Amino acid sequence: MDSTEKIQVRSPKFQLYQSVTLYWNGEERSTHIVRRWFELDDSSDGYWWYKVTNDEQLYPEQAIESHSE
């Protein structure tokens with residue numbers, strides 16, 4: 001009998017359309033989250049990647065901070 005292993009995916013740190021600050025290549029930019037992807041691999045618990053306004057690149061969660069309210 002085949003069995004399926006259950007995995008738990010942690011919640012994303014940022015919500016869609018949330019206002020954030022992106023830190024990338026020594027630059028700081030205010031933007032918004034427009035899309036997010038979860039990448040699961042065998043060596044860890046997986047990673048969240050984010051796409052921001054007017055940019056085609058995906059950014060790792062570590063490059064983004066929530067705006068202080």
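Output the qualifying pairs, or none if there are none: Cβ atoms under 7 angstrom, residues six or more apart or on different chains, first residue in segment 10-33 and among the acidic types (Asp, Glu), second residue part of a strand (DSSP E or B).
Note: pairs meeting the criteria are Glu28/Thr21.
Count, please, the residues in segment 26-51 that happen to be over 10 Å from the mean Cα position of the chain (by Cα), on the phi < 0 side of the Ramachandran plot and open to solvent by less than 100 Å² (accessible area, probe 1.4 Å).
Step one: of segment 26-51, the residues over 10 Å from the mean Cα position of the chain (by Cα) are 26-32, 34, 40-46.
From what's left, on the phi < 0 side of the Ramachandran plot: 27-32, 34, 40-45.
So of that shortlist, the ones also open to solvent by less than 100 Å² (accessible area, probe 1.4 Å) come out as 29-32, 34, 40-41, 44.
Number of matching residues: 8.
How many residues are at pLDDT 80 or above and exposed (fewer than 12 other Cβ atoms within 10 Å of the Cβ) if we restrict to segment 1-14?
From segment 1-14, those at pLDDT 80 or above are 9-14; that's our starting set.
With the extra rule that they be exposed (fewer than 12 other Cβ atoms within 10 Å of the Cβ), the set shrinks to 9-11.
Going through segment 1-14 one residue at a time, the tally reaches 3.
Criterion first (on the phi > 0 side of the Ramachandran plot, open to solvent by 80 Å² or more (accessible area, probe 1.4 Å) and aromatic (Phe, Trp, Tyr)) does Tyr17 satisfy it?
Numbers: on the phi > 0 side of the Ramachandran plot: yes; open to solvent by 80 Å² or more (accessible area, probe 1.4 Å): yes; aromatic (Phe, Trp, Tyr): yes.
Here the answer is yes, as Tyr17 does meet what is asked.
The values are calculated or read from the model by the stated rules, or taken from the named source; none is laboratory data. Here the structure is a predicted model, which means the values were calculated and not measured. Note that each Cβ is placed from the backbone with ideal geometry, even for glycine, and that neighbours are counted across all protein chains shown. The protein model used for the area step is the full one, side chains on, heavy atoms only, and it has no ligands, DNA or RNA in it. Shrake-Rupley method; radii C 1.70, N 1.55, O 1.52, S 1.80 Å.
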